[in-house]
Every structure is written in structure tokens, then in C-alpha cells.
Amino acid sequence: MAESRNVIIAGAGIGGLTAALALSRAGFRVTILEQAPQLEEVGAGIQLTPNATRVLTELGLADQLKITLVEPQAVRVMSGSSAREIVRIPLGTFAEKRYGAPYWVIHRGDLQRVLADAVRTNPDITLRLGTRVEDFATRRHGVSIKARFAGQIVEEQGIALIGADGVWSAVRERLRWRGSEPKFQHKTAWRALVPANSLDAPWREPVVHLWLGMDSHLVHYPVKGGALINIVAIVDDEWRETGWSASGEPDEVLRRFARWSWHDKARAIIGTPQRWQKWALFERGGPRGGSGVVTLLGDAAHPMLPFLAQGGGMAIEDAAVLAASLAQYAERPARGLRAYEKARRKRTAKVQALARTQGRIYGMSGPEALIRNLVMRAKGGERLLQRLDWLYQWTPPPFEFTERYVTQVGEDDGEDDGDVSNHGRR
Ligand SMILES: Cc1cc2nc3c(=O)[nH]c(=O)nc-3n(C[C@H](O)[C@H](O)[C@H](O)COP(=O)(O)OP(=O)(O)OC[C@H]3O[C@@H](n4cnc5c(N)ncnc54)[C@H](O)[C@@H]3O)c2cc1C
């Protein structure tokens with residue numbers, strides 16, 4: 001019976017939507033339960049490195065994404081105090097040739113819209129908005145999920161539950177891992193979008209600008225085909241509310257980029273936005289897996305600091321590996337989920353650790369910062385990029401629907417206890 005193929009995903013963020021597309025490609029039916037009543041455009045940009053763009057391209061999304069994305073030609077590392085370039089790391093065709101996949105920057109809302117459109121037009125995927133996953137119980141042949149929709153409890157059945165519900169994951173909480181609460185990192189990310197023509201010409205180029213300075217750093221790059229500039233300022237802070245969109249006072253962020261330590265050119269960029277949104281940064285220790293037919297993906301499994309621009313990338317990679325592992329062990333979903341977790345553990349832990357280190361390097365001051373700048377200059381852009389070959393060269397396993405899988409599902413279906421709802425593929 002084909003109903004044994006329904007996978008439930010909690011959360012329609014970048015990870016959940018990509019996982020749904022990859023799983024449907026591997027032959028599963030998918031139901032996504034998302035707590036938000038609608039998928040809103042969260043105003044910020046995201047860098048998509050070749051390891052992530054390779055998966056999105058494989059899913060057939062490149063043409064739609066290309067309508068609004070920007071292909072940056074370089075990362076320009078700038079000194080916050082002198083406004084001089086420290087080093088220029090080549091991207092564009094150089095990176096695309098090196099990795100066989102491009103480096104993109106895009107508005108997060110544009111990425112989410114392309115993913116959501118592909119989900120909505122896919123007959124094998126059901127997206128239920130306004131539906132908050134609250135609990136689950138595993139059964140012999142699957143999992144039963146309790147969710148809240150319009151104040152009522154609704155139930156969903158599936159062969160597996162994927163917790164793609166972000167850093168404050170309810171699924172992770174129900175798995176009751178001890179000592180794995182998100183830890184506040186005493187930093188906030190301030191984010192804003194401004195019209196490109198409100199900044200001086202050099203800052204409108206298709207380049208990721210990274211400014212390093214005292215106690216803070218600044219990143220900006222164009223999105224929306226170059227019409228808007230996404231600005232992210234990371235500062236030391238004790239404000240620790242959760243959520244994506246608390247508003248911040250423009251004067252407050254400018255104060256963090258003090259005149260005596262930050263060049264006027266950088267302060268002019270910080271002084272441009274009228275509206276800022278801020279986000280407290282949280283992280284958790286090593287990645288956690290799941291139990292039985294339940295697993296975690298993306299920020300729910302391994303939330304990380306944004307200094308390597310990899311949180312979304314790791315969620316996208318997770319999605320591809322999850323689909324391939326579940327397809328490989330179609331007759332034993334729990335085994336497929338453990339294979340997925342095993343395949344992801346080392347890599348995501350390494351990326352989490354490197355993001356932490358990168359944060360320390362960005363936060364250096366005084367003589368340490370001088371040495372850092374000298375070392376960067378001496379190494380040069382190409383060698384700095386080469387350092388990340390292991391990260392960007394990653395290739396997803398094939399997650400196509402295979403004949404072998406059809407046979408396995410057929411065999412497994414005969415053993416099903418019939419206790420799952422009918423979400424048959426055909
Ligand atoms: C300042 C900053 C800059 C960043 N820049 C980059 C970058 O350049 N590149 C990059 O790759 N990453 C970047 N990241 C990280 C990236 O944004 C995240 O890692 C990524 O969005 C995680 O995706 P996700 O799908 O796992 O979780 P989320 O995007 O958090 O999605 C979780 C979804 O689950 C839903 N949900 C939550 N609880 C429930 C529930 N109980 N039931 C149902 N639904 C639920 C939520 O509403 C949400 O839609 C950045 C992060 C920050 C803070």
C-alpha cells in the first residue's frame with residue numbers, strides 16, 4: 001500500500017521545504033506542517049555557497065532563483081578602521097570553475113518563495129499552514145503527530161517525522177536530549193535592506209563586503225537583482241529575545257560602530273537604514289540526531305553561528321542526504337534516518353566549530369587584529385578560498401527515485417499494519 005510513503009516534516013523554513021522537494025524526488029509523499037499562518041518574506045539576505053547551490057540546481061530551481069539572485073564576483077575584506085581593502089577573495093567564474101557550482105547571494109524571501117512555489121505545484125507534497133506540531137508518538141509502523149490548527153488538535157500519520165522546526169525546535173524538545181538547550185552567544189545580528197542607490201557606488205558592486213573592526217563586524221551585499229543592499233551588523237550584546245524580527249533603533253547600532261575605531265565610510269553605511277531588525281545569536285553543542293522514526297534537520301539539529309554563512313547551506317545539504325538515506329532504506333525508515341544522521345554528524349560539527357573560530361578571528365582587536373590582517377594579506381584571496389575547498393566541494397548523494405526503491409516499497413507494503421492514513425502517491 002502506497003500510504004506507507006508519507007513523511008511528515010515539521011517546519012517550512014529553508015530546510016523543511018528543501019527536504020520536501022528532495023523526498024518527493026526520491027519517491028515519497030510529504031506533508032509539511034508549518035506553524036505560521038502564511039510564509040512571510042523575512043527581510044534579510046542569505047549567501048548560498050557552491051555546496052548548497054549544487055543541491056538547489058539539482059532540484060531544478062536555478063532558473064527561478066536566477067531571476068533575482070546576484071552572483072558576487074568576490075568577497076572584499078575591509079579594515080573597519082582604515083576603510084582599506086585587506087584582501088579580495090575571488091568568487092564569480094573563478095569559484096564556479098573551481099567548484100563546478102556557483103556562489104549566490106539572494107533575498108531570503110526570494111529563496112523561500114521559489115522553494116514554496118515548487119512545493120505548492122508538486123502533487124506529492126501537502127503544505128499545511130497555521131499548524132503547530134506539539135507532540136508525537138511512535139508506533140510499530142510509523143509515527144502519529146499531534147498538531148494545533150485553529151485552536152483544535154489535529155492528527156497526522158506518517159512513516160517518519162522530520163523536525164525541521166528551527167533553533168527552538170518542539171520536536172527536539174520532545175526527544176528530551178539533556179543539556180542541549182540553545183546557548184546565547186552574547187551577540188546580536190542587526191539586519192537591514194536599503195535601496196542600492198542610497199549607498200556610494202563601490203558598495204553597490206556585485207561583491208560581498210566584509211568589514212572587520214573593534215568588537216563588531218559588518219557584511220553587506222546586493223540582493224533583488226542588485227536593487228537592494230542587504231546589510232548585517234554583528235555586535236556584542238546582552239539582548240536575548242527570540243524570533244526573527246524584533247526592531248532595533250538606528251542610533252543604537254551606530255553607537256556600536258564608534259567613531260574612534262570605525263572609519264566614516266563604514267559608519268555612513270551603518271547610518272543609512274531607517275529600519276533595522278535584530279536577532280540574538282544562539283548556538284548548541286554538537287549535532288543531535290533523533291530516535292526511532294524521528295529525526296532533526298537544519299537549525300533544529302545543529303544551529304550555528306552565521307560567520308561562515310552555512311546555517312542554511314547545512315540545512316539544504318541535510319535535505320539531500322536525508323532523501324537519499326530514506327530511499328536507500330525504504331523498507332526500514334528508522335535505519336534510513338540513522339544512516340542520514342551518521343552521514344551528517346562529523347561534517348555539521350566541523351562546520352559549527354569553524355563558524356565559532358571564524359567568529360573569534362573576526363572579533364580580534366589590537367595587535368592580534370593587525371597580525372590577522374597581515375596573515376590574510378600574505379596568504380592572498382585564492383589561498384583563503386582554497387582553505388574552504390572541503391566545504392564547497394561537497395556533492396549530494398543521488399536522491400532520484402530508483403527501480404530498486406519501487407521494489408522495496410512494494411515488499412514493505414505487504415507488511416504494513418494499515419494504521420496509517422491514506423496519503424497514497426497515486
Ligand atoms: C544574521 C544571520 C545571517 C545568516 N546568513 C546566512 C547565510 O548567509 N547563509 C546561510 O546558509 N545561512 C545563514 N544563516 C543561517 C540560516 O538563516 C539558518 O541556518 C536557516 O534559516 C535554518 O533553516 P531551518 O529551515 O533549519 O530553520 P528555520 O528557517 O528557522 O525554519 C523553521 C521553520 O519551522 C517553523 N516552526 C517552528 N516550530 C514549529 C512547530 N512546532 N510546528 C510547525 N512549524 C514550526 C518556523 O515557523 C519556521 O518556518 C544566517 C543566520 C543569521 C542569524
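Local charge for Gly130 was computed over the other residues whose Cβ lies under 11 Å away, with Lys and Arg +1 and Asp and Glu -1, and equals +2.
Between the listed residues Ile9, Ile234, Gly290, the Cα displaced farthest toward the positive end of the dipole of the chain, a dipole computed from Cβ unit charges relative to the Cα centre, is found at Ile234. For the range 14-122, GluC sites (Glu not before Pro) are listed when DSSP marks them as loop and at most 15 other Cβ atoms sit within 10 Å of their Cβ; the list is Glu40, Glu41. Could you check which residue among Gly166, Gly290, Gly151 shows the biggest mean-square fluctuation in a GNM of the chain with a 10 Å Cα cutoff? Checking each option, the largest mean-square fluctuation is seen for Gly151.
Compute, for the range 1-76, the length of the dipole vector about the Cα centre, with Cβ point charges of +1 (Lys, Arg) and -1 (Asp, Glu) only. Units Debye, rounded to 20.
Working: 6 positive and 7 negative charges, 51 e Å.
Approximately 240 debye in magnitude.
From the alpha carbon centroid of the range 132-181 to that of the range 309-323 is 20 Å.
Taking K and R as +1 and D and E as -1, what net charge do the other residues with C-beta under 15 Å from the C-beta of Arg256 add up to?
Values: positive: Lys187, Arg191, Arg255, Arg259, Arg267, Lys278; negative: Asp215, Asp236, Asp237, Glu238, Glu249, Asp251, Glu252.
Charge balance in the 15 Å sphere: -1.
The loop-placed trypsin sites (Lys or Arg not before Pro) in the range 145-209, going by DSSP, that have at most 14 neighbouring Cβ atoms within 10 Å of their Cβ come out as Arg176, Arg178.
Taking a ≥ b ≥ c as the square roots of the Cα gyration tensor eigenvalues, with a/c under 1.5 meaning rounded and otherwise prolate when a/b beats b/c, else oblate, which class fits the range 232-350?
Numbers: a/c = 3.43, a/b = 3.08, b/c = 1.11.
Here the range 232-350 falls in the prolate category.
For the chain, with only Lys/Arg (+1) and Asp/Glu (-1) charged at the beta-carbon, what is the dipole magnitude about the Cα centre, in debye rounded to 20? Each step should come with its number before you reach the end.
Working: 57 positive and 48 negative charges, 280 e Å.
Once rounded to the nearest 20, the dipole reads 1340 debye.
Hey, what D do you get for the range 11-86 in µm²/s if you plug the Kirkwood alpha-carbon radius into Stokes-Einstein at 4 °C and 1.567 mPa s? Walk me through the numbers before you get to the answer.
Details: Rh = 15.5 Å.
Approximately 84 µm²/s, per Stokes-Einstein.
Pairs from the table (Lys66/Lys146; Lys146/Lys278; Lys278/Lys346; Lys224/Lys278; Lys97/Lys183) lying more than 28 angstrom apart at Cα are Lys66/Lys146; Lys146/Lys278; Lys278/Lys346; Lys97/Lys183. In loop segments of the range 215-316 as defined by DSSP, the chymotrypsin sites (Phe, Trp or Tyr not before Pro) with at most 13 further C-beta atoms inside 10 Å of their C-beta are Trp260.
Candidates Leu48, Leu210, Leu61 compared by Cα position along the dipole of the chain: farthest toward the positive end lies Leu210, with charges placed on Cβ.
Cβ-Cβ distance of Ala83 and Asp389, R₀ of 45 Å, FRET efficiency by 1/(1 + (r/R0)^6): the value works out to about 0.90.
Only DSSP H runs of four or more residues enter the estimate; each adds -39500 (n - 2.57), and after division by the residues of the chain the mean residue ellipticity at 222 nm equals -10500 deg cm²/dmol. Temperature 20 °C, viscosity 1.002 mPa s: under these conditions the Stokes-Einstein estimate for the chain, based on its Kirkwood radius over C-alpha pairs, is 96 µm² per second.
Of all DSSP beta bridges confined to the chain, the antiparallel ones make up roughly 75%. Taking a span of 27 Å or more along the helix axis (Cα atoms) and a mean Kyte-Doolittle hydropathy of at least 1.0 as the rule, no DSSP H helix of the chain qualifies. With contacts taken as Cα pairs under 8 Å and at least 6 residues apart, the chain reaches a relative contact order of 24 percent.
Please compute the net charge surrounding Leu39, taking Lys and Arg as +1 and Asp and Glu as -1 over other residues with Cβ under 13 Å from its Cβ.
Details: positive: Arg108, Arg113, Arg120, Arg128; negative: Glu34, Glu40, Glu41, Asp110, Asp117.
So the surrounding residues net to -1.
The figure for Arg332 is an accessible area of roughly 120 square angstrom, using a 1.4 Å probe on the protein chains alone. Who wins for biggest fluctuation among Val87, Val321, Val223 in a Gaussian network model of the chain, springs between alpha carbons below 10 Å? It is Val87.
How high is the relative contact order of the range 200-270, in percent, counting Cα pairs under 8 Å that sit 6 or more residues apart? Walk me through the intermediate numbers first.
Numbers: 72 pairs, mean separation 16.8, N = 71.
For the range 200-270, the relative contact order is 24 percent.
What full-extension length gain, to one decimal in nm, is calculated for Ala246 and Arg360 as 0.36 nm per residue of separation minus the Cα-Cα distance?
38.5 nm
The phi-based Karplus calculation (6.51 cos²θ - 1.76 cosθ + 1.60; θ = phi - 60°) puts the 3J(HN,Hα) values of the range 149-164 at 10, 6, x, 9, 7, 10, 10, 10, 10, x, 7, 7, 10, 10, x, 10 Hz, whole numbers, x for Gly and Pro.
The values are calculated or read from the model by the stated rules, or taken from the named source; none is laboratory data. If you're wondering where the values come from, they're calculated on a predicted model, not measured in any experiment. Because the Cβ atoms are built from the backbone with ideal geometry, glycine has one as well, and the counts that use them run over all protein chains shown. These accessible areas exclude ligands, DNA and RNA; they are computed on the full protein's heavy atoms, side chains included. Shrake-Rupley method; radii C 1.70, N 1.55, O 1.52, S 1.80 Å.
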